[in-house]
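The values are calculated or read from the model by the stated rules, or taken from the named source; none is laboratory data. Keep in mind it's a predicted model, so treat the numbers as computed, not measured. For the accessible areas, the whole protein counts, side chains as well, though only heavy atoms, and no ligand, DNA or RNA atoms are used. Shrake-Rupley method; radii C 1.70, N 1.55, O 1.52, S 1.80 Å.
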Amino acid sequence: MDEVTGRDRILTLPNVITLVRLACLPLFLYLLFGRENRAAAAWLLAALGATDWVDGYLARHMHQVSTLGKVLDPVIDGSVPAWFAIVVLVRETLVGVTTVVLAAMGARRIDVTWFGKAGTFCLMVAFPLFLASHSTLGWADAAGVLAWMVGIPGLALSLYSAALYVPIARRALAEGRQRDPVA
């Protein structure tokens, strides 16, 4: 099969992996908002991120690079500033790991704060806008401005909420241990 024909293929292993990843997005949203289980959502997001690398690797090494794959593959290709993405990922990882550790130590359940919810919402709006700002959409320039207008407050709210969780986590741990001294 020549390279041009291969680019028009739809049913390839990398494309199937990408479609499965996209099909998992409702599960991610359910874990994050329906169950408010940030740890599970973070693990799922990490797994989905790993499959993003896997399908790209397979596409190149199995000579299954396709036009559809290039359209479906949501690789962060510089659309989102690296420092921004790193700060968001570090914050989410710290909160997720801390949640698991606190639960293992017997802390009572910690409710998500308004600041945490608002920050997450803003960031979930900002990331697609960053991607749109590097697209061929007629409103790509406006998307870039909107991404920053929503992203910076979202980042600030999420970092502020992380700081607010410190005293809340201490109280939750003390209360959880008080209820169950064995933990």
- Task: Would you tell me the accessible area of residue 177, worked out with a 1.4 angstrom probe on the heavy atoms of the protein chains, in Å² to the nearest 10?
- Result: 100 Å²
- Item | Which of 152, 86 is most accessible, then next, and so on - probe 1.4 Å | 86, 152
- Over the heavy atoms of residue 141, what accessible area does a 1.4 Å probe trace out, to the nearest 10 Å²? 130 Å²
- Working with all protein chains in place, sort 93, 12 by solvent-accessible area computed with a 1.4 Å probe, largest first. 93, 12
